[in-house]
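Derivation of every value follows stated rules applied to the coordinates shown; laboratory data play no part. Quick caveat, the model's predicted, so the values are computed rather than measured. Cβ atoms come from the backbone with ideal geometry, glycine included; neighbour counts cover every protein chain shown.
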């Protein structure tokens, strides 16, 4: 059997409001991008069973907009440990995940470094290594158990950034 991981960096957040970092919400561009990523996931059939998200406002809003566009109702688990998590923390969340298709919605720089580390070979996309807001990686693992997901074991299926959807 195969497990599928969808790694999503939160969409573009607003710097206008006087919120502390954890409370920052998406800006208009980010709202549109999150909805577009959800539509893209739906059109490709990349439908998560479970979504693990940082509990920050911008990741929650990204997750909500993606789910609304999916037209499905995956289980959503908010994890405070994913707020500005390092790659080791994201790997621990993944290794304890439930579901065959799991999405992680988190922040840079942790999610970018985690994406680079988890795949056997990087996708041929100029934005993969800087992992901009809304960047989404889809990769498969040849395993029945998320605990066996380790460095360099994921096989890239797809990678996209919101700008790819608006061109």
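Look at the alpha carbon pairs under 8 Å that are at least 6 residues apart: their mean separation over the length of the chain gives a relative contact order of 31 percent. From the coordinates of this entry, P(r) over Cα pairs in 10 Å bins from 0, in percent is computed, and it appears in (1) 11, 44, 37, 7, 0; (2) 10, 37, 28, 15, 7, 3, 1, 0; (3) 9, 32, 24, 10, 7, 7, 6, 4, 1, 0 under the label (1).
Length available on full extension from residue 120 to residue 78: 0.36 nm per residue minus the Cα-Cα distance, which gives 12.3 nm.
Show me 122-135, 57-70 ranked by packing, highest mean number of other Cβ atoms within 10 Å first.
On the way: 122-135: 16.5, 57-70: 21.9.
In decreasing order of mean packing, 122-135, 57-70 become 57-70, 122-135.
Stretched out straight at 0.36 nm per residue, the stretch from residue 165 to residue 1 would grow longer than its current Cα-Cα span by 56.0 nm.
Remark: the residue 50-residue 23 segment gains 7.4 nm on full extension, using 0.36 nm per residue and subtracting the alpha carbon distance. A straight line joining the Cα centroids of segment 10-72 and segment 101-160 runs 17 Å.
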